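Beneath this line is the structure, given in structure tokens, with notes to follow.
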Amino acid sequence: MRRNIVAGNWKMNNSFDEAEELVTDIAEYLEKNPVDDAEIIICPPFIYLEMTTDVSAESQFAVGAQNLCAYDKGAYTGEISAAMLAGLDVEYCIIGHSERRKYFGDTDEIIAAKIQQALKENISPIFCCGESLAEREAGNYKEVVQTQIEEALANLSADEMDNVIIAYEPVWAIGTGLNATPAQAQEMHAYIREILLENFSIAIANNTTILYGGSCNAGNAKEIFAQPDVDGGLIGGASLKANEFIQIITAF
Ligand code: PGA
């Protein structure tokens, strides 16, 4: 179902105390100022998920993980399964983030398996795609994103696609302070809807939530979110400060 969403991706940041303070500040704001035109998701590191879901039980925001295991269960030392996350009331999971592709060997095949695991447990994948600077400069950025989407999503049913959120995150914009312009974001989001039309249906093309990510902040969120095919943002650095995150969740 298409809706406005702002998801905070904390990555590997914050001590436990800092994490608790940040979540509490956001919950206190939402208690006094409910946001009725956007869904808010906080994606902390695994070990803060339980604290975060405890706070979210009394608040308006939902909780997502940043990763999960491609396998069901068993002898996979150090991994966390989709079922374990579901048991903690985690409703979303970022899958296919470019940092996981780059540093942890997440291939299109692994990403597709992780999406299956998430869906099996009723966790909505926030599936990330996006081109590198070299790919943008070479002019084949649309093909790159098309391949990423088709490898990860093309085998899903219409019902499964209803639970998938797509985040377009150009790698050159992530953590660089160099966001895509609203026009660049709009061009790619419209193109992603064309890919969904080709692979699925007009309903799925129109009804899928597509977020923009990459140096989105309090200063540029409003203009980016105002683009017709942009439904919100996946926010990294700017989600680590309550004040800034609050300005972004109220930018619709
Ligand atoms: P950024 O990260 O907002 O710090 O650029 C976004 C992301 O990686 O999800």
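Brief remarks on what is shown
- Search result, residues across region 192-226 that are touching a Pro at 6+ places or on another chain (Cβ under 9 Å) and surrounded by fewer than 20 Cβ atoms within 10 Å (Cβ to Cβ): E223, A226
- All positions within region 83-112 that are within 16 Å of the ligand (Cβ to nearest atom), assigned to a helix (DSSP H, G or I) and out of contact with any Gly (no Cβ under 8 Å at 6 or more places or on another chain): E99, R100, R101, K102, Y103
- Any hit, region 192-212, residues being assigned to a loop (DSSP other than H, G, I, E, B), within 18 Å of N9 (Cα to Cα), at pLDDT 95 or above and of a type in the set (A, V, I, L, M, F, W, C): no
Rundown of residues vs (1) touching a residue at least 12 places away in the same chain (Cβ under 8 Å); (2) of a type in the set (K, R); (3) not in a helix (DSSP H, G or I), yes/no style:
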{"residue": "R2", "(1), (2), (3)": "yes, yes, yes"}
{"residue": "D25", "(1), (2), (3)": "yes, no, no"}
{"residue": "D37", "(1), (2), (3)": "yes, no, yes"}
{"residue": "Y48", "(1), (2), (3)": "yes, no, no"}
{"residue": "D54", "(1), (2), (3)": "no, no, no"}
{"residue": "G78", "(1), (2), (3)": "no, no, yes"}
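- Selection count, region 51-74, where residues are acidic (D, E) and more than 26 Å from R100 (Cα to Cα): 2
- Of the set (1) part of a helix (DSSP H, G or I); (2) of a type outside the set (K, R); (3) within 15 Å of the ligand (Cβ to nearest atom), all apply to E150 but (3).
- Residues that are out of contact with any Phe, Trp or Tyr (no Cβ under 8 Å at 6 or more places or on another chain) and closer than 15 Å to I5 by Cα were ranked within region 190-217; the one that is farthest from the ligand (Cβ to nearest atom) is N207.
- Scope region 154-191; condition assigned to a helix (DSSP H, G or I), in contact with a helix residue (DSSP H, G or I) (Cβ under 8 Å, 6 or more places away or on another chain) and surrounded by 15 or more Cβ atoms within 10 Å (Cβ to Cβ); matching residues: E160, M161, V171, W172, P182, A185, M188, Y191
- Tally, over region 228-249, of residues that are away from the ligand (no atom under 14 Å from the Cβ) and in contact with a helix residue (DSSP H, G or I) (Cβ under 6 Å, 6 or more places away or on another chain): 4
- Close pairs (8 angstrom Cβ cut-off, 6 or more residues apart or separate chains): closer than 17 Å to V63 by Cβ in region 239-252, in a loop (DSSP other than H, G, I, E, B) and of a type in the set (A, V, I, L, M) anywhere: I249/V35; I249/A38
- Scan of region 125-153 for residues that are surrounded by fewer than 14 Cβ atoms within 10 Å (Cβ to Cβ) and hydrophobic (A, V, I, L, M, F, W, C), ordered by number: A134, A138
The values are calculated or read from the model by the stated rules, or taken from the named source; none is laboratory data. This one's a predicted model, so the numbers in the text were calculated from it and none came from an experiment. Using ideal geometry, Cβ is built from the backbone for each residue, glycine included, and neighbour counts are taken over all protein chains shown.
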